[in-house]
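Novice: First, the structure itself, so that you have it in front of you.
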């Protein structure tokens with residue numbers, strides 16, 4: 001009888017473990033060619049709650065990112081649209097990722113003028129972003145509370161949005177730029193979250209985690225990321241937004 005009970009407990013434990021594993025699933029998007037490599041996105045959900053959303057770059061992307069010509073800042077040939085898996089569209093507020101390669105960086109001079117990628121996780125569609133051209137809407141400020149404290153705004157960028165930079169970031173306080181986290185808006189509404197990371201950091205970082213600065217108000221109810229990670233393994237580098245927390249509209 002004792003042996004039978006042990007077998008029953010063992011079987012129950014195994015079935016529970018299987019059910020637990022089945023409850024967490026990862027979905028992959030279509031791949032996009034980026035220079036000599038491939039990029040794609042993944043979404044991991046558990047019981048239909050997002051756990052993490054990732055931009056995945058294989059090593060060939062990082063190793064084939066081209067050097068820019070002297071003075072080159074923005075070249076549309078270095079802009080890429082990375083789709084999201086349908087499950088990501090169903091469980092998060094994000095619609096797609098815009099990946100921008102900046103071989104000579106961009107302004108401000110001597111701060112962000114290092115080779116780096118901008119990774120815009122948009123809450124609006126590609127078609128909407130391509131219509132972000134109205135200068136008044138590009139430069140209109142987001143109301144207090146919807147952007148994290150200590151963030152300062154820069155000029156709006158057509159077909160991208162207005163950027164908000166954390167004034168407490170190391171690169172704005174005497175340190176060399178490696179990675180930072182920005183917010184973006186259009187027409188006074190938050191439309192993207194943006195990890196901005198140097199090529200050198202992506203090539204040489206195996207495991208990194210930081211907090212995502214949080215606003216106190218949210219226009220839309222839904223799940224929002226509170227952590228950003230960079231993880232390298234098996235020939236790929238993942239830029240991950242994780243630790244999703246459910247917020248109410250305010």
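The values are calculated or read from the model by the stated rules, or taken from the named source; none is laboratory data. Fair warning: this is a prediction, and the values are worked out from it, not measured in the lab. Cβ: placed from backbone, ideal geometry, glycine included. Neighbour counts: every protein chain shown.
Novice: Is there any pair with a first residue in region 155-173 that is closer than 13 Å to residue 118 by Cβ and a second that is surrounded by 13 or more Cβ atoms within 10 Å (Cβ to Cβ) and at pLDDT below 95 whose Cβ atoms are under 6 Å apart and which are 6 or more apart or on different chains, and what are they?
Specialist: 163/154
Novice: Criterion first (crowded, with 16+ Cβ neighbours inside 10 Å, without any contact (Cβ under 8 Å) to a residue 24 or more places away in the chain and under 30 Å from residue 36 (Cβ atoms)) does residue 178 satisfy it?
Specialist: So residue 178 passes the test.
Novice: Are any of the residues in region 138-152 over 24 Å from residue 247 (Cβ atoms), surrounded by 13 or more Cβ atoms within 10 Å (Cβ to Cβ) and at pLDDT 95 or above?
Specialist: Initially, region 138-152 is screened for residues over 24 Å from residue 247 (Cβ atoms), giving 138-139.
Okay, now just the ones that are also surrounded by 13 or more Cβ atoms within 10 Å (Cβ to Cβ), so 138-139.
Those left that are additionally at pLDDT 95 or above: 138-139.
Yes, there is a match, as at least one residue in region 138-152 is over 24 Å from residue 247 (Cβ atoms), surrounded by 13 or more Cβ atoms within 10 Å (Cβ to Cβ) and at pLDDT 95 or above.
Novice: Only one residue in 100, 127 is outside any loop (DSSP other than H, G, I, E, B), within 17 Å of residue 187 (Cβ to Cβ) and modelled with pLDDT of 95 or more, so which one is that?
Specialist: Checking each option against the conditions leaves just 127.
Novice: Mind counting the residues in region 1-46 that are more than 15 Å from residue 94 (Cβ to Cβ), part of a loop (DSSP other than H, G, I, E, B) and at pLDDT 95 or above?
Specialist: The qualifying residues number 4.
Novice: Would you pick out the residues in region 52-69 that are in contact (Cβ under 8 Å) with a residue 24 or more places away in the chain and surrounded by fewer than 18 Cβ atoms within 10 Å (Cβ to Cβ)? Walk me through how you get there before you give the answer.
Specialist: Quick first cut of region 52-69, residues in contact (Cβ under 8 Å) with a residue 24 or more places away in the chain only: 52-68.
Selection gives 59, 60, 63, 64, 66, 67, 68.
Novice: Now, a different point. Condition first: touching a strand residue (DSSP E or B) at 6+ places or on another chain (Cβ under 9 Å), in contact (Cβ under 8 Å) with a residue 60 or more places away in the chain, over 18 Å from residue 76 (Cα atoms) and not in a strand (DSSP E or B). Can you find one or more residues in region 183-198 that meet it?
Specialist: Looking through region 183-198, none of the residues is touching a strand residue (DSSP E or B) at 6+ places or on another chain (Cβ under 9 Å), in contact (Cβ under 8 Å) with a residue 60 or more places away in the chain, over 18 Å from residue 76 (Cα atoms) and not in a strand (DSSP E or B).
Novice: When you go through 132, 112 one by one, which is the residue that is assigned to a loop (DSSP other than H, G, I, E, B), touching a helix residue (DSSP H, G or I) at 6+ places or on another chain (Cβ under 9 Å) and in contact (Cβ under 8 Å) with a residue 60 or more places away in the chain? Walk me through it before giving the result.
Specialist: On the way: 132 fails: in contact (Cβ under 8 Å) with a residue 60 or more places away in the chain.
112 is the lone residue from the list that is assigned to a loop (DSSP other than H, G, I, E, B), touching a helix residue (DSSP H, G or I) at 6+ places or on another chain (Cβ under 9 Å) and in contact (Cβ under 8 Å) with a residue 60 or more places away in the chain.
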